[in-house]
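*Asks:* A single structure is presented below for examination.
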Amino acid sequence: IQDNRLVAGVNELSGSINVARSEAVKRGTRVVVCKSANGSDCVSTGNWEQGWIIFVDNNNDAIRDTGEAPLRIHEAVEGNVTMTGNGSVADYISYVSEGRAQTPAGVSQAGTISACLSGKQRVMQLTFAGRLKITRGTC
């Protein structure tokens, strides 16, 4: 059961990240996926398991502002899964129209989000090209 919870949480977040990338390319504009505890605001506290939102970032600041309606809202991940991002993916991932993960300042985003439950780990590695690679490990 715990393995399924871990895999389900990873699949949900990685699926959302892939949706954000696809929407950025399709719409030809910046799309962000960010941590959100309330389904409305991006936060810099807590971890990814608390939930997240995907939105079109009309003003290119990686912050969800009034008028930037969410494309998708994901509530907290079930179970005791922890999902911790490092470096430039600790709080959000921002895709530009070419499908690259890039901060509003133009810096490429790359890093990992580590999902752990009961000593088992899945690592979602975001490459400079904006693609995800998922590997197994222990935590």
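The values are calculated or read from the model by the stated rules, or taken from the named source; none is laboratory data. No experiment lies behind these values; they were computed from the predicted model shown. Cβ: placed from backbone, ideal geometry, glycine included. Neighbour counts: every protein chain shown. Note: accessible area is taken over every heavy atom of the protein model, side chains too, but ligands, DNA and RNA are not part of it. Shrake-Rupley method; radii C 1.70, N 1.55, O 1.52, S 1.80 Å.
*Asks:* Determine which lysines satisfy two conditions relative to LYS120: a Cα distance under 19 Å, and not lying fewer than 8 residues away in the same chain.
*Replies:* LYS133
*Asks:* Per residue, how much accessible area does the range 18-107 have with a 1.4 Å probe, in Å²? It would help to have the intermediate numbers written out before the result.
*Replies:* Numbers: 4300 Å² over 90 residues.
Dividing the accessible area of the range 18-107 by its residue count gives 48 Å².
*Asks:* State the percentage of accessible surface on the chain attributable to carbon and sulfur atoms; use a 1.4 Å probe and exclude ligands, DNA and RNA.
*Replies:* Working: 3190 of 6850 Å².
Looking at the chain in its full context, I get 47 percent from C and S.
*Asks:* If one takes the longest principal axis of the Cα atoms in the chain, at what angle in degrees, from 0 to 90 and to the nearest 10, does the Cα axis of helix 2-27 lie?
*Replies:* The angle comes out at about 10 degrees.
*Asks:* Can you compute 3J(HN,Hα) from phi for each residue in the range 73-85, using the Karplus curve 6.51 cos²θ - 1.76 cosθ + 1.60 with θ = phi - 60°, rounded to whole Hz and x for Gly and Pro?
*Replies:* Result, rounded to whole Hz: 10, 10, 6, 3, 6, 6, x, 9, 5, 10, 9, 10, x.
*Asks:* Related question: Which whole-number percentage describes the relative contact order of the range 1-73, with Cα contacts under 8 Å and a sequence gap of 6 or more?
*Replies:* RCO, the range 1-73: 24 percent.
*Asks:* I've got another one for you. Report, to two decimal places, the Cα Rg of the range 29-119 normalised by 2.2 N^0.38 Å (N = number of residues).
*Replies:* Values: Rg = 12.9 Å, N = 91, 2.2 N^0.38 = 12.2 Å.
Normalised by 2.2 N^0.38 Å, the Cα Rg of the range 29-119 equals 1.06.
*Asks:* Counting other Cβ atoms within 10 Å, keep those with at most 15, restrict to DSSP loop, and tell me which GluC sites (Glu not before Pro) in the range 61-123 are left.
*Replies:* Those satisfying the criteria are GLU75, GLU78, GLU98.
*Asks:* I'd like to compare 38-44, 9-15: which one has the highest average count of other Cβ atoms within 10 Å, and what's the full order after that?
*Replies:* Result, highest mean first: 9-15, 38-44.
*Asks:* Given Cα pairs under 8 Å that are at least 6 residues apart, what percent is the relative contact order of the range 1-123?
*Replies:* The normalised contact order for the range 1-123 reaches 28 percent.
*Asks:* Taking the Cα centre of the chain as origin, work out the dipole magnitude from +1 charges on Lys and Arg Cβ and -1 charges on Asp and Glu Cβ, in debye rounded to 20.
*Replies:* Values: 14 positive and 13 negative charges, 113 e Å.
The calculated dipole for the chain is roughly 540 debye.
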